[in-house]
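Below: one structure, written as structure tokens.
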Amino acid sequence: MNAYAAHAALELPEGGIQLPCEPQNHAHDTARPWAQWLAGYQLEDLVQRFPVHTQEGSCWVLTLRPEIQAAWMPGHDTMALHQHLGHAALAPDPFALEREILIALLGSPLRFSFASLEALASHVRVRRNMTLAARKTALAFKTEAAERPEDHWQYDEERGFTLKPGRCLIDALIAATQPEATGKLYDFSCYRATEYVILLGIAQELQTHHPDLLGQLQAINEIHAIRSGQFHDVFLVEYGSMDQPLPARYYVPGDRLWFRNPDERSSDVMGYEGSWVIYLGGGLFSNFWKRDQPFTLESKAIEIYHWRDGVHTDTQGQLQMDENVVDQRVAQTLADPQATQRVLERMLRMRDAKGVYAEGGCLDTTRECPRSVSRDQCELVLPNF
């Protein structure tokens with residue numbers, strides 16, 4: 001079974017983390033490695049385990065203890081986990097971030113299934129890498145532009161931005177997204193930026209734990225960019241669905257997600273159909289234009305709501321967005337508690353289906369997470385160009 005098949009198909013009603021175990025007479029020995037691993041995160045007293053039987057054999061399922069789930073993640077709400085763990089919203093400590101990731105997975109409404117403890121550990125590390133990279137990412141604000149550091153990248157209309165020969169993929173991704181590396185902000189869309197953040201997080205994991213695969217990934221990026229729909233298919237798994245949406249406040253650090261613009265007119269402005277972000281942990285979402293001002297769920301919803309006020313038609317008859325107007329309207333709403341409540345009641349609803357603009361809000365029903373790239377459960381199949 002694909003490691004994340006249960007995400008989309010909901011084959012198993014319980015959530016949490018699933019790991020394989022040996023036949024019953026060896027079950028105790030099999031439990032020791034992951035019990036020791038959890039102890040390293042000081043989580044052994046927060047977790048319960050129970051056996052399940054699937055077509056693939058016997059497994060352990062690990063979940064938060066019911067009293068911890070109720071106190072720390074009521075309704076699968078992960079946005080205050082950092083407070084229960086005793087660290088700041090964007091704590092720089094990778095260990096604290098890994099604990100937040102792991103607890104969010106243990107408290108998941110859907111089951112995350114892994115082929116081994118190492119595959120789970122790899123998944124946590126990739127999410128950690130992505131989250132830390134997203135926190136550092138900053139772009140220039142031009143949603144229609146396409147620019148990369150010339151020392152690392154070259155452009156071809158058919159192949160997209162590819163690595164220059166001999167350039168390191170990790171260094172090139174950092175140069176494009178983290179201004180400290182070059183002293184410059186580069187122009188490209190938030191959607192493409194999420195791809196670079198995800199690719200960087202995966203590449204950093206491969207550098208240490210699967211260097212042969214990193215070499216293949218490096219070679220592919222020297223030939224052709226993997227982007228858009230193909231990027232999603234190659235690197236990501238989508239979990240949740242329109243029929244069975246994820247809880248509105250369930251997010252795992254490293255998730256990629258979409259906030260939809262529910263206003264039909266302003267959604268016709270290029271780059272304003274919605275907003276692609278990475279969940280940073282601590283109840284905050286990436287803001288690649290102003291990285292020192294990450295969004296809360298509420299502030300993101302209010303910003304998107306006021307896109308309808310910033311849209312206008314230019315002298316060429318094209319729809320454009322006036323961000324200054326948006327900022328003014330956002331400030332007015334935030335200064336008025338009743339207006340804030342009205343906007344949030346309208347926006348913090350699940351989105352309508354594609355092409356429908358009715359009573360839905362900006363919340364998507366799904367999240368996207370990286371495929372497994374561990375040596376013993378590698379689900380990354382690179383395309384041929």
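General observations
- Which labelled figure in (i) 0.97; (ii) 0.95; (iii) 1.00 is Rg/Rh (Cα atoms, Kirkwood Rh), once derived from the coordinates: (i)
- Projecting the Cα positions of Ser122, Ala88, Ala104 onto the charge dipole of the range 5-134 (unit charges on Cβ atoms of Lys, Arg, Asp and Glu, taken about the Cα centre) puts Ala88 furthest along the positive direction.
- Electrostatic dipole magnitude of the range 5-134 [Cβ: Lys, Arg +1; Asp, Glu -1; Cα centre; debye, to 20]: 180 debye
- Phi to ³J(HN,Hα) by Karplus 6.51 cos²θ - 1.76 cosθ + 1.60 over the range 206-218, Hz, x for Gly, Pro: 5, 4, 8, 10, 7, x, 4, 5, 4, x, 5, 5, 4
- Magnitude of the charge dipole, the chain, Cβ model with Lys/Arg +1 and Asp/Glu -1, debye to 20: 440 debye
- In this rough spin-label picture, where each label sits 7 Å from Cα along the Cβ direction, the Ala70-Arg265 distance is 5.0 nm.
- Of the peptides 154-162, 133-141, 269-277, the ranking by mean beta-carbon count within 10 Å, highest at the top, reads 133-141, 269-277, 154-162.
- Expected 222 nm ellipticity per residue - DSSP helices of 4 or more, -39500 (n - 2.57), all of the chain, to 500: -11500 deg cm²/dmol
- Estimated distance in nm for a label pair at Val52 and Asp336, the labels positioned 7 Å out from Cα along Cα-to-Cβ: 4.9 nm
- Pairs of lysines in the chain whose Cα atoms sit within less than 30 Å of one another amount to 16, provided the residues are eight or more positions apart or on different chains.
- Amide H to amide H, with H built 1.01 Å from N, Val237 comes under 5 Å of Cys369, Arg371, counting only residues 5 or more places away or on other chains.
- Near Gly282, the amide H atoms lying under 5 Å from its own belong to His82; only residues 5 or more places off or on other chains count, and H is placed 1.01 Å from N.
- Amide H within-cut-off set for Thr54, under 5 Å, with H built and near neighbours excluded: Cys59
- Structural descriptor for the range 5-134: relative contact order 37 percent, calculated from alpha carbon pairs under 8 angstrom and at least 6 residues apart.
Just so you know, all these numbers are worked out from the coordinates, no wet-lab data involved. Fair warning: this is a prediction, and the values are worked out from it, not measured in the lab. Cβ sites come from the backbone with ideal geometry, for glycine too, and all protein chains shown count toward neighbours.
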